[in-house]
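Undergrad: Supplied in structure tokens, the structure appears directly below.
The values are calculated or read from the model by the stated rules, or taken from the named source; none is laboratory data. Here the structure is a predicted model, which means the values were calculated and not measured. No Cβ is skipped: glycine too gets one built from the backbone with ideal geometry, and neighbour counts run over all protein chains shown. The accessibility values were calculated without ligands, DNA or RNA, using every heavy atom of the protein model including side chains. Shrake-Rupley method; radii C 1.70, N 1.55, O 1.52, S 1.80 Å.
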Amino acid sequence: MRCAQRGDTIIEMMLAFAIFTLAAVGAMSILSSGVAITQRNLESTLVRQQIDTQAEMLRYVHDTQNTAWASVINPANLTTSPASLDLGGECPTVPTDSKLSKGFFIQPTPGADPATTTFTRRSIDSTVFRSPTTYARIDYANAKSDAVWVQAVKAEEGANGITAYDFYIHACWGAVGMDRPMTMGTIVRLYEK
């Protein structure tokens with residue numbers, strides 16, 4: 001007796017290969033998008049740290065009445081119309097971009113011991129502002145801003161004589177897998193003593 005052998009037809013093999021290919025492509029697509037989301041989340045965390053650092057340095061120079069505070073609130077350094085925290089899909093460039101009007105960042109300069117650290121208001125211009133290579137940050141070692149800047153506005157003068165200043169802290173960078181730049185920012189209000 002002969003045993004009948006039955007094999008898969010070419011159509012069945014092609015169908016199995018197509019199903020396997022679709023599953024593999026779907027898995028790779030999900031993996032790739034997951035990596036891009038993780039990268040954007042990491043960048044957002046790092047940029048938030050940069051913004052928080054600038055906010056804390058502003059609070060420090062305010063609380064200690066550091067020499068940088070007088071420069072920060074100098075009427076010549078205040079802007080009347082800061083850039084919106086939503087930059088409209090474009091990161092600013094220097095030196096002509098109005099979104100950077102009177103922008104600055106606080107630059108710490110360490111002393112011999114931590115108690116002698118000095119702080120300086122660094123104006124944003126073409127010598128200190130550059131497009132970020134990965135995410136928005138401030139390169140304190142070289143005194144350069146990779147698309148992080150602060151704008152100060154005199155917010156109010158109360159009836160009791162207390163003046164408030166709003167500090168708009170901005171960041172803008174190109175993120176992986178995004179066709180528009182990522183932007184982040186916050187506003188810090190400090191009252192004159």
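Undergrad: Give the aspartates and glutamates reachable from residue 154 as a straight Cα distance under 20 Å; neighbours fewer than 8 places away on the same chain don't count.
TA: Leaving aside aspartates and glutamates fewer than 8 places away in the same chain, those within reach of residue 154 are 56, 63, 166, 192.
Undergrad: What number, rounded to the nearest 500 deg cm²/dmol, is the helix-based mean residue ellipticity at 222 nm of the chain, given -39500 (n - 2.57) per DSSP H run of at least four residues and division by all its residues? Let's see the in-between values first.
TA: Numbers: 2 runs with 60 residues, N = 193.
My calculation for the chain gives -11000 deg cm²/dmol from helical runs alone.
Undergrad: Given 60, 101, 50, which one lies farthest toward the positive end of the charge dipole of the chain, if we put +1 on the Cβ of every Lys and Arg and -1 on the Cβ of every Asp and Glu?
TA: Farthest along the dipole direction, towards plus: 50.
Undergrad: Straight-line reach only, C-alpha to C-alpha below 21 angstrom: list the lysines that residue 144 could link to, leaving out same-chain residues fewer than 8 apart.
TA: Qualifying lysines at Cα under 21 Å: 99, 102.
Undergrad: Follow-up. In segment 5-100, which trypsin sites (Lys or Arg not before Pro) fall in coil by DSSP and have 13 or fewer other Cβ atoms within 10 Å? Before the final figure, lay out the partial values.
TA: Working: sites: 6, 40, 48, 59, 99; in loops: 6.
Loop-located and lightly packed - 6.
Undergrad: Using +1 at the C-beta of Lys and Arg and -1 at the C-beta of Asp and Glu, which of 116, 129, 163 has the Cα lying farthest in the positive direction of the dipole of segment 109-193?
TA: 129
Undergrad: With a 1.4 Å probe and all protein chains in place, put 193, 144 in order of accessible area, largest first.
TA: Numbers: 193 155, 144 60 Å².
Descending order: 193, 144.
Undergrad: Quick one: accessible area per residue over segment 1-50, 1.4 Å probe, rounded to a whole number of Å²?
TA: Details: 4450 Å² over 50 residues.
Per residue, segment 1-50 has an accessible area of 89 Å².
Undergrad: What does the accessible area per residue of segment 79-158 come to in Å², with a 1.4 Å probe and no ligands, DNA or RNA counted? Write out the running numbers ahead of the final one.
TA: Values: 4070 Å² over 80 residues.
In whole numbers, segment 79-158 has 51 Å² accessible per residue.
Undergrad: Could you please put 172, 91 in sequence from largest to smallest accessible area, using a 1.4 Å probe? Present the calculation step by step, with values, prior to reporting the outcome.
TA: Values: 172 0, 91 45 Å².
Of 172, 91, the descending order of accessible area is 91, 172.
Undergrad: Using a 1.4 Å probe and ignoring any ligands, DNA or RNA, find the accessible area of residue 154 and quote it in Å² to the nearest 10.
TA: Using a 1.4 Å probe on the heavy atoms, I get roughly 100 Å².
Undergrad: Could you look at the chain and say what percent of its accessible area is carbon and sulfur, using a 1.4 Å probe and all protein chains?
TA: Working: 6760 of 11610 Å².
It is 58 percent, rounded to a whole number.
Undergrad: Could I ask something else about it? Set the Förster radius R0 to 35 Å, insert the Cβ-Cβ distance between residue 32 and residue 11 as r into 1/(1 + (r/R0)^6), and round the FRET efficiency to 0.05.
TA: Values: r = 31 Å, r/R0 = 0.90.
After rounding to 0.05, the efficiency reads 0.65.
Undergrad: Could I ask something else about it? As an exercise, use a Förster radius of 30 Å and the Cβ-Cβ distance of residue 49 and residue 80 to find the FRET efficiency, rounded to the nearest 0.05. Each step should come with its number before you reach the end.
TA: Details: r = 30 Å, r/R0 = 0.99.
After rounding to 0.05, the efficiency reads 0.50.
Undergrad: Suppose each label sits 7 Å from its Cα in the direction of the beta carbon; what would the residue 193-residue 166 distance come out to in nanometres?
TA: For residue 193 paired with residue 166, the spin-label model returns 2.5 nm.
Undergrad: Still on this model: Give me the Debye-computed log₁₀ of I(q)/I(0) at q = 0.13, 0.14, 0.27 Å⁻¹ for segment 53-127, equal point scatterers on Cα only, no solvent, two decimals.
TA: Computed log10 I(q)/I(0) values: -0.46, -0.53, -1.31.
Undergrad: Follow-up question, since we're still on this one. Pick the calculated percent of Cα pairs over 30 Å apart for this structure from (i) 23; (ii) 26; (iii) 38?
TA: Among (i) 23; (ii) 26; (iii) 38, the one calculated here is (iii).
Undergrad: Between residue 65 and residue 186, how high is the FRET efficiency from 1/(1 + (r/R0)^6) when r is the Cβ-Cβ distance and R₀ = 25 Å? Nearest 0.05.
TA: Numbers: r = 23 Å, r/R0 = 0.92.
For residue 65 and residue 186, the calculated efficiency is 0.60.
Undergrad: How far apart, in nm, are the 7 Å Cα→Cβ label points at residue 127 and residue 39?
TA: Label-label distance for residue 127 and residue 39, simple model: 3.5 nm.
Undergrad: Taking the Cα centre of the chain as origin and charging only Cβ (+1 Lys, Arg; -1 Asp, Glu), how large is the dipole, in debye to the nearest 20? Intermediate values should be presented prior to the final figure.
TA: Values: 16 positive and 18 negative charges, 57 e Å.
That gives the chain a dipole magnitude of about 280 debye.
Undergrad: How charged is the neighbourhood of residue 155? Take every other residue with its Cβ under 12 Å from the Cβ of residue 155, and add Lys/Arg as +1 and Asp/Glu as -1. Don't skip to the end; give the middle numbers.
TA: Details: positive: 154, 189; negative: 156, 157, 166, 192.
Computed value for this residue: -2.
Undergrad: Using Stokes-Einstein with the Kirkwood hydrodynamic radius over Cα pairs, what translational diffusion coefficient do you get for segment 13-77 at 20 °C and a viscosity of 1.002 mPa s, in µm²/s rounded to a whole number? List each step's numbers first, then the result.
TA: On the way: Rh = 16.2 Å.
The estimated diffusion coefficient comes to 132 µm²/s.
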